[in-house]
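Sharing a structure below in structure tokens format, with a few things to ask.
The numbers here are math on the coordinates, done by the rules we state, and not lab data. Keep in mind it's a predicted model, so treat the numbers as computed, not measured.
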Ligand SMILES: N[C@@H](CCC(=O)N[C@@H](CS)C(=O)NCC(=O)O)C(=O)O
């Protein structure tokens, strides 16, 4: 979304968890990784800051230095609160869509992290999702007052939070939000952005 926001032409390469060799040039083992000329960048926020600095003549991802600073809080909220709550609702679903060669690695690494079987982690999700939806109230209230976190138009603040929902959308058919939730309207708008870029990835179908 950040690359599209900047209007940059990119080539994307399909990647699997166990395919560490393909991203070894970045000096670490996680995606996203961006190769821009000789430069290898990793970590979404670091990539976004770099894009803003390098492509300052293109549409801004942050709307100025204040936005650039404030988005760090939102990124920490997404990493520390949103993703940990979300992962507990869909983690076993994620496993079911993995390629065979990734399944054992994913299960072992995530079960060590949770101290429980993936299926046990998401077992009570029918109840847990109620707390998840309550936790999203500040997001809901903000989107009730303005169309995007970035204000009148979407910016990197939106892409941080949308990224979590997009991940869930493509890995799990579990309904995270109620149909009349204003967050759904915002999510749909971001799915439509950049000629439906995010919508091109199919949603997970019910098992
Ligand atoms: N905060 C980082 C998170 C990166 C991250 O955790 N990526 C996961 C995607 S699920 C990954 O590549 N994991 C590799 C692994 O678990 O081996 C970012 O936004 O770039």
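Given region 1-88 reduced to its alpha-carbon atoms as identical point scatterers, what log10 I(q)/I(0) does the Debye formula return at q = 0.15, 0.21 Å⁻¹?
-0.69, -1.17
Taking a ≥ b ≥ c as the square roots of the eigenvalues of the Cα gyration tensor of the chain, is the shape rounded (a/c under 1.5), prolate (a/b larger than b/c) or oblate? Mind dumping the intermediate values first?
Working: a/c = 1.76, a/b = 1.13, b/c = 1.56.
Oblate, since a/c reaches 1.5 and b/c is not below a/b.
Based on alpha-carbon atoms only, what is the radius of gyration of region 84-207 relative to the globular estimate 2.2 N^0.38 Å?
Working it through for region 84-207, the quotient is 1.13.
Rounded to the nearest 500 deg cm²/dmol, what is the calculated helix-only ellipticity per residue at 222 nm for the chain, with -39500 (n - 2.57) per DSSP H run of length n ≥ 4?
Rounded to the nearest 500, the figure is -16500 deg cm²/dmol.
Okay, moving on. Compute the relative contact order of the chain as a whole-number percentage, counting only Cα pairs closer than 8 Å that sit 6 or more residues apart in sequence.
Rounded, it is 21 percent for the chain.
Treat region 155-206 as a sphere of radius equal to its Kirkwood radius over Cα pairs and apply Stokes-Einstein at 37 °C in a medium of 0.692 mPa s; give the translational diffusion coefficient in µm²/s, rounded to a whole number.
The estimated diffusion coefficient comes to 289 µm²/s.
Whole percent per 5 Å bin, from 0 to the bin with the longest distance: what is P(r) over all C-alpha pairs of region 84-130?
Each 5 Å bin holds this share of Cα pairs: 5, 24, 32, 23, 12, 4, 1.
Something else now. Relative contact order for region 87-207 using alpha-carbon pairs under 8 Å, separation at least 6, rounded to a whole percent?
Here the relative contact order equals 25 percent.
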